[in-house]
Amino acid sequence: MTDLLYSEEEEALRAVVRDLLTDHCDAASVIARTESDAPHDLSLWKSLADGMGLAGLLVPEAQGGQGATHREVAVVLEELGRAVAPVPYLTSAVVATEALLECGAGDLLAELASGRRIGVLAVSLSVAPGAAHKAVRLENGTLHGELTGIADAAAADVLLVPGEDGGLYVVEAGAVTVVPQVSLDLTRPLARVMFDGAAGRRIGDAAPAVRRALRAGAGLLASEQLGVADWTLTETVRYLKERKQFNRPVGGFQALKHRLAQLWLEVVSLRAAARNAADALTTGDDTDVAVAVAQAYAASVAVHAAEEAVQLHGGIGMTWEHPAHLYLKRAKADSLAYGTAGTHREALAELVDLRAP
Amino acid sequence: MTIDAPELRRLTGELLTAHPPLETDRLDFLKARFDAGLAWVHYPEGLGGLGAPRALQAVVDAELEAAGAPDNDPRRIGIGLGMAAPTILKYGTEEQKQQFLRPLWVGEEVWCQLFSEPGAGSDLAALGTRAVRESGGGWIVNGQKVWTSSAHLARWAILIARTDPDVPKHAGITYFVCDMTDPGVEVRPLRQITGEAEFNEVFLTDVRIPDAHRLGEVGDGWRVAQTTLMNERVSIGGMRIPREGGMIGPISQTWRERPELRTHDLHQRLLKLWVEAEVARLSGERLRQQLVAGQPGHEGSGMKLSFARLNQEISGLEVELRGEEGLLYDDWTMRRPELVDFTGRDAGYRYLRSKGNSIEGGTSEVLLNIVAERVLGLPAEPRTDKDVAWKDLAR
């Protein structure tokens, strides 16, 4: 049976990641960074990857990784979500890594696992597992075309690119033009990637690699969404205990208490769904259903939590200075990432035999 | 010495040898099981248990089930098992435990609960049923109770009544065991929106209760009642439910079997509720795993909220899904069912019965307050009645 709890080791991992983020990823500097030339925090990435070995959790030890599981990765993502940390963890250490694992691309896998290089799958962030996606043309052995909506491409050293011939190609970032797109989510920016005769090395078939990568991305995104929802709820509750209007704490008004209690219920429910998805990715048991259930549920909770945070903070929640907007933007962008809730519900219709008319 | 699983298997084997279930009268077998300490192994010796860890009950149950032994039909005597028994165990005198627990467990004596009143629902502590002490030491009780399931079948009731109206409401309550065969007890069926009467109104007119049937100290009834109510919530959680267990099961089956009923709108709504039901099931499973691991979380407070809402929404959708049949109802005949099954009968019944899920056992509004205050630590509701004598409260 699925283990929906956190082990002691997982809680210990959470504690060290949270400590690091508390010290090196405060809200004010995340906000300041969003409008700088370097939207990704590569020094934080180095601490997570180099210092703590977290980029290699999904990679077997024999291939240069930590040989851990999706359960530990999920815990890391919860914490990164709580901090809206601008690091390419989900894109490089999960999605690109899963694609490389499928292709058996050993050398590059070890480089990603060590965190020395950042890899990104060149598929739009909005694509659901199993859905159609764009590919680039092959002409005279080089790659041509343009892909958009590529998350964290600006931080990537190497791209994994689907070609129209059905292959997956490794392309050095230096061989393409990466143009940042002004993105709703300031902490996971998208980019347009232009291929004008870029050299690529074919490492395997794109279809199974992309499907596996996006399924893991979708399933573990639920843990990031849990982190976003957990932080926004906790912070809103804290604020409403302090904030006084009408000579009493605002959090004492029943209209608000009920909304927060309702939100708490959604967050604990998401925790169960996210743990279930992480465990199913680990065991391979009932994975498609577990991932689809988590993704069909998570977006509404994270968005609801972030929207309530903005509303219940009142005027301060509407300011650029307060971090609530970072969470709202991340939650809303996450609701599109790796397929919307509706797309995952449609997948479930087939998986659990509740078919459309 | 602590009792372990092999020892329990040995004792269960002895019971089965001495009282072969297929050749033994059902009640005799249950009594023998109680006397062997295998009824509820975590209870003390002599009271149906062996002082063993509660989790080991599953060992005994599995052995007995495999041998085809009868059980005590726990659903029929749920109030006795889940609410009266733990309270008697904790607060009862030795005589009370000896008198009540054995017939309770074997099902010879059904119990009911006389707590709620027409004027005391969410604010249970405001109850007005009066118990007045006689010169001989016994009590005379007058008042009205409501929403009492099994009252017409019950031999005994757990009862809370006001013994001191001059102190604040929580302080003036005493907890009793009430004899339901007393001539002053009148039970009337309370017909509900489903057409049947699952519950009763109970009118108490000069009912006599000996002081020996008081549970706990005079004036301490509210604290004693907390044990009862806490156990009510524990017995609601705790079961492992398979996927599509509960209200989502019948509608999913109908969807699969009756493609002619499908529309796009219903499909979207069904999928959304299916996901929410699956997530609620996983939340319940997570809570169960937390309890087994000895890390009780707060999630229990939320489970009832989720299930109430989902039961209502799913059954409401199911009525719509059935099209013209949704305009019909299976039977409005007034009946008094012995067992309640939320997922029983047809969609219309499920829709109407589930309306009670957000009222019974704590309204959803009160549960949200509890979550907000006890889990999130938000300020408590203003308590204007805290220091006011019960007799001076507005009503």
Taking each residue of B:373-382 in turn, how many C-beta atoms of other protein chains fall within 10 Å of its C-beta, and what is the average?
-> 6
Any idea what % of Cα-Cα pairs in the range A:172-284 are farther than 20 Å?
-> 66 percent
Convex hull over the alpha-carbon atoms of the range A:208-351: what's its volume per residue in Å³?
-> 103 Å³
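In what sequence, highest mean first, do B:371-384, A:281-294 appear when ranked by Cβ atoms within 10 angstrom?
Ranking, from highest mean packing down: A:281-294, B:371-384.
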Here the net charge surrounding B:Ser364, from other residues whose Cβ is less than 11 Å away from its Cβ (Lys, Arg +1; Asp, Glu -1), is 0
Would you look at the GNM of chain B, springs on alpha carbons closer than 10 Å, and say which of B:Leu15, B:Leu104, B:Leu229 moves the most?
-> B:Leu15
Within the set of other residues whose C-beta is less than 10 Å from the C-beta of B:Ile193, count the net charge using Lys and Arg as +1 and Asp and Glu as -1.
-> +2
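Take the alpha-carbon positions of the range B:5-71, form their convex hull, and give its projected area averaged over all directions (one quarter of the hull surface) in nm².
That works out to 3.7 nm², a quarter of the Cα hull's surface.
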For A:255-261, what's the mean count of beta carbons from other chains sitting within 10 Å of each residue's beta carbon?
-> 6
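Taking the mean number of other Cβ atoms within 10 Å as a proxy for protection, how do you rank B:304-310, B:242-248, A:94-100 from highest to lowest?
The packing order, highest mean first, is A:94-100, B:304-310, B:242-248.
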For B:Val218, put the label point 7 Å out on the Cα→Cβ axis and report which residues of the range B:363-394 keep their amide N under 18 Å from it.
-> B:390-391
With no solvent and one point on each alpha carbon, what is the Debye value of log10 I(q)/I(0) for the protein assembly as shown at q = 0.05, 0.09 Å⁻¹?
-> -0.33, -0.94
Work the Kirkwood hydrodynamic radius out for the range B:254-395: mean of 1/r over every pair of different alpha-carbon atoms, inverted, in Å.
-> 18.3 Å
Kindly state, as a whole number, the per residue volume in cubic angstrom of the convex hull around the alpha carbon atoms of the range B:32-183.
-> 137 Å³
log10 I(q)/I(0) for chain A, Debye formula on C-alpha points only (no solvent), q = 0.06, 0.09, 0.10 Å⁻¹, two decimals, reads -0.21, -0.47, -0.58
Averaged over A:243-250, how many beta carbons belonging to a partner chain fall within 10 Å of each residue's beta carbon?
-> 1
Expressed as a whole number of Å, what is the distance separating the alpha-carbon centroids of the range B:9-56 and the range A:269-322?
-> 48 Å
Please tell me the relative contact order of chain B in percent, rounded to the nearest whole number, where contacts are Cα pairs under 8 Å and at least six residues apart.
-> 13 percent
For the range A:255-336, run through the chymotrypsin sites (Phe, Trp or Tyr not before Pro) and keep only the ones in DSSP coil with at most 15 other Cβ atoms within 10 Å of their Cβ.
-> A:Trp320
At most 16 other Cβ atoms within 10 Å and a DSSP loop assignment: could you name the GluC sites (Glu not before Pro) in the range A:256-326 that fit?
-> A:Glu321
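Could you pull out the chymotrypsin sites (Phe, Trp or Tyr not before Pro) across the range B:308-384 that fall in loop regions by DSSP (anything but H, G, I, E, B) with no more than 12 other Cβ atoms inside 10 Å?
Counting only loop positions with at most 12 other Cβ atoms within 10 Å, the chymotrypsin sites (Phe, Trp or Tyr not before Pro) in the range B:308-384 are B:Trp332.
Computed from the coordinates by the stated procedures, all read-outs in this text should not be read as laboratory data. Remember, predicted model here, so these are calculated numbers, not experimental data. Cβ coordinates were reconstructed from backbone atoms using ideal geometry, including for glycine residues, and neighbour counts include every protein chain displayed.
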